[in-house]
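What follows is a short report on a single structure.
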Amino acid sequence: MKKICAANWKLNFSPEEARRYFAEWSALRPANLSCDVLFFTPAYDLTVAAEFAPAEGFHFGPQNIYFETSGAFTGEISARAVHSLGARWALIGHSERRTLFGETDDVIAKKVKTAISSDLAPMLCVGETLAEREAGQTKNIVARQVRAGLGRVVTETASHTLAIAYEPVWAIGTGRVATPQQAGDVHAEIRRILSDLLSPPRAHEIAILYGGSVKPDNAKDLASQPDIDGFLVGGASLKPKDFFAIADAL
Ligand code: PGA
């Protein structure tokens, strides 16, 4: 399986800033990156990403989609429309969507289904809060989120690309990264859940990314864990040089 380095820009970069970013990325990017690179941009930057993606060899997608693809849903993002722009991935169920925007496992499961039926590869985000970790609930929470997110698309996932991003909520944007051991243990558990839910061979084809305060100086240690197949990077993806250094660690 090819490793994946994904940028989550969150609510940063206007189209003009996105254009400057990709120009800087093009100038930095050496020919020999061994991982796939993805950019999850704000919806209004997707057309800019589409201008650069073919020449630069990266993929891109939105940070959220709605589970309906058209109709009276003011302010939402259509999976079908972003696919027509060239997006091939969609980030789904990020912890900020879950906590700030009230997304439930049920809504997230519908979004995963819609991504797949719109030919977008879903990257399903899962992860426990600090209170859940301290209560010894990490594996139960992650198991619930993975099973809920993929449970309705077990047949479809046999032939569709998808990825899981494990992001402990306490590590997102806090500078407090999970240790390689902590992350590695949860990744191994996610692999077991995928084996059980889908099949062992399929579980080994699905990339499981770690996210939460990944930086150039901790990426190498995290990447040495056998079940860490990539990174989802927020803050450090905003500087092309740092994001490149993280991709280079994979
Ligand atoms: P961070 O964000 O790298 O800034 O911690 C990761 C994410 O939220 O995807």
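Could you figure out which of (1) under 15 Å from the mean Cα position of the chain (by Cα); (2) open to solvent by 40 Å² or more (accessible area, probe 1.4 Å) isn't true of T41?
T41 satisfies every listed condition except (2).
Could you please give the count of residues in region 78-93 that are surrounded by 18 or more Cβ atoms within 10 Å (Cβ to Cβ) and either among the aliphatic types (A, V, I, L, M) or under 16 Å from G127 (Cα atoms) (or both)?
Adding up the residues that qualify gives 7.
What residue, of K239, K220, K215, is more than 14 Å from the ligand (Cβ to nearest atom), open to solvent by 20 Å² or more (accessible area, probe 1.4 Å) and within 30 Å of F22 (Cβ to Cβ)?
K220
Which of (1) small (G, A, S); (2) away from the ligand (no atom under 15 Å from the Cβ); (3) under 26 Å from G235 (Cβ atoms) is the odd one out, the single condition A135 does not satisfy?
For A135, the exception is condition (3).
Within region 120-158, take every residue that is within 22 Å of Q181 (Cα to Cα) and of a type in the set (G, A, S) and give me the one that is surrounded by the fewest Cβ atoms within 10 Å (Cβ to Cβ).
Among them, the one singled out is G136.
Out of the residues in region 1-56 that are of a type in the set (V, I, T) and within 16 Å of the ligand (Cβ to nearest atom), state the one that is farthest from G93 (Cα to Cα).
It comes out as V37.
Scan (1) in contact (Cβ under 8 Å) with a residue 12 or more places away in the chain; (2) away from the ligand (no atom under 16 Å from the Cβ); (3) open to solvent by 10 Å² or more (accessible area, probe 1.4 Å); (4) among the small types (G, A, S) for the single condition A109 breaks and write down its number.
Here A109 meets the rest and fails (3).
Go through the residues of region 94-105 one by one and say whether even a single one is open to solvent by less than 50 Å² (accessible area, probe 1.4 Å), in a strand (DSSP E or B), modelled with pLDDT of 95 or more and under 18 Å from L38 (Cβ atoms).
no
I'd like to check something: does region 196-203 contain any residue that is more than 22 Å from S118 (Cα to Cα), more than 19 Å from the chain's Cα centre (by Cα) and surrounded by 15 or more Cβ atoms within 10 Å (Cβ to Cβ)?
Yes: one or more hits.
Of all residues being over 16 Å from G136 (Cα atoms) and surrounded by 15 or more Cβ atoms within 10 Å (Cβ to Cβ) in region 174-183, which is nearest to the chain's Cα centre (by Cα)? Just the residue, please.
V177
The values are calculated or read from the model by the stated rules, or taken from the named source; none is laboratory data. The structure displayed is predicted, hence computed values, not measured ones. Neighbour counts run over all protein chains shown; Cβ positions are idealised from the backbone, glycine included. For accessibility, only protein heavy atoms count, side chains too; no ligands or nucleic acids. Shrake-Rupley method; radii C 1.70, N 1.55, O 1.52, S 1.80 Å.
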